[in-house]
1. Which value, in Å³ per residue, describes the convex hull spanned by the Cα atoms of segment 334-391?
2. Rank these by accessible area, largest first, 1.4 Å probe: Ser470, Ser422, Ser372.
3. Cα centroids of segment 396-453 and segment 215-280: how far apart, whole angstrom?
4. To the nearest 10 degrees, how steeply does helix 103-117 sit against the main Cα axis of the chain, on a 0 to 90 scale?
5. Over the Cα atoms of segment 186-304, each weighted equally, I'd like the Debye log10 I(q)/I(0) at q = 0.17, 0.23 Å⁻¹, rounded to two decimals.
6. Provide Leu173, Leu392 ordered by accessible surface of protein heavy atoms (probe 1.4 Å), highest first.
7. Going highest first, how would you order 305-316, 43-54, 7-18 by mean Cβ packing within 10 Å?
8. First compute the accessible area of the chain with a 1.4 Å probe, then give the percent of it belonging to carbon and sulfur atoms.
Amino acid sequence: MRGVLYAAAEGLPYIKSGGLADVIGSLPQCIDHDKYQVAVVMPMYKKIIDKFEMEKVADFPVQSGIINKQASLYKDVSNGIDYYFIRQDDYFYRDGMYGFADDGERFAFYCKAVLEMLKFVPFKIDIIHTHDWHTGMIPILAKKEYTDEYHNSIKHVFTIHNLAFQGNFPRELMNCFNLHSRYFDNGDLKFDTGMSFMKGAIVYADKITTVSNSYAGEILSPEFGERLNEALSYRRNDLWGIVNGIDTDSWNPETDKNLFAHYSLKNMANKKKNKRDLQRRLGLREDDNVLLMGMVSRLTWQKGVSLLIEKMSTIMGQDVQLIILGTGDNYIENQLKRIEFDYPHRAVFYCGYDEALSHSIYAGVDMFLMPSLFEPCGISQLISMRYGTLPLVREVGGLRDTVVPYNEYTKAGTGFTFKNFSGDDFIYMIKYAIEVFYYRKDDWKKMMKNAMKEDVSWQKSALLYDQLYSCL
Ligand code: ADP
């Protein structure tokens, strides 16, 4: 039996800002527990302290460069998995998880603390599976700062959930580590004039994965490589693309406690009741027959919201309704706040983060929009399919790997896809989908069934991670 520790900055059921948390909530459960003993570690934010009571395991000092602080280790068990939390209130007892001026120092501390807490885990850790930039310094620290057999023998897997967030900081952040300056000067950590957590992981992890096959290929190119494509190209033989699944227990239209009415492949009629309920609650005209489109998203340029804003009047010129749930860039939020006034009782923007409402939207709408500029994997399109809601997506990254485009001849397909990141391509596909919705109702119903039958669980992907761990 080998020990695997998952280290990340967020994870369900404790805290979530995006898809990373879904992965950390599911993957450790789906790994073969006859072969691997697993645990998870994450920072203990204010929101977790305020909401969860848990046992304290230990207090320990963390010294890393100019950082010299006490940390506490807490533990909780969820779904049979041990979750460890590193508590340091100066760094983590704040409203929000990221976006602070001292994020570099906070996560430098976290990376070191993860390596220090291993001695309190009651089984040997053979593999540390790190996720995204916040944990990116763990492999180099384990290999170059530590000299003991235990730390040096650990194998490291690093998963890139989004290459756009790299953890790049001024060179001075090197002062927060006990690392020789040669690791900066030789280019291993250097990025422009500063240092990069993400690059450190790309150079020092034993295996690198990203969350879809297409994205694994895309990030080797200048277009998607976020200027790390060369560093990644050196590691291309160690780079795997493994698509995410979703937690099919909590995302289940037959049991989801947030739904107005439960439904399944055998009882699709109830899906309409959720549509009605959603329309009523959000002040839209109640109508079973109108095409109701939805979007649940971080509002950033990545998600292609600019295409939606550009083509809003053309879209709303059709016989459709639109619901958007999201929060993010001020500019985008302000643009979207107009839609309720421009299209009363036909369009609504709910500005904020609301887990329960997101479930109602996935269940209640007919079609889900995801015109992303890039998309490492994407979880929303998987949830949509599970709820019989057809995704309309751009053919990029994980969206390309998971949504089967509608074929009007064979009737195959689980959604609609378009290729180029352009308003014209987007609107062309929306109009096409509208036509199918109103005039080829049988095809639409068939696609709903196809979508609900897709295997979007973690099963297949967990086997691939198993294979990957076996290579180490
Ligand atoms: P990303 O991780 O890039 O944000 P994903 O599609 O991988 O995108 O995952 C997004 C997850 O976050 C989905 O589960 C989605 O439902 C959820 N989500 C995004 N924005 C909101 C919001 N405003 N309210 C509730 N859930 C949201």
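The values are calculated or read from the model by the stated rules, or taken from the named source; none is laboratory data. All values reported here derive from a predicted model rather than from experimental measurement. Because the Cβ atoms are built from the backbone with ideal geometry, glycine has one as well, and the counts that use them run over all protein chains shown. These accessible areas exclude ligands, DNA and RNA; they are computed on the full protein's heavy atoms, side chains included. Shrake-Rupley method; radii C 1.70, N 1.55, O 1.52, S 1.80 Å.
1. Taking only Cα atoms, segment 334-391 has a hull volume of 110 Å³ per residue.
2. So, going from the largest accessible area down, we get Ser470, Ser422, Ser372.
3. Cα centroid of segment 396-453 versus Cα centroid of segment 215-280: 16 Å apart.
4. Once rounded, the angle reads 60 degrees.
5. -0.92, -1.35
6. Ranked list, largest accessible area first: Leu173, Leu392.
7. So the peptides 305-316, 43-54, 7-18, ranked by packing, come out 7-18, 305-316, 43-54.
8. Heavy-atom surface of the chain belonging to carbon and sulfur, 1.4 Å probe: 48 percent.
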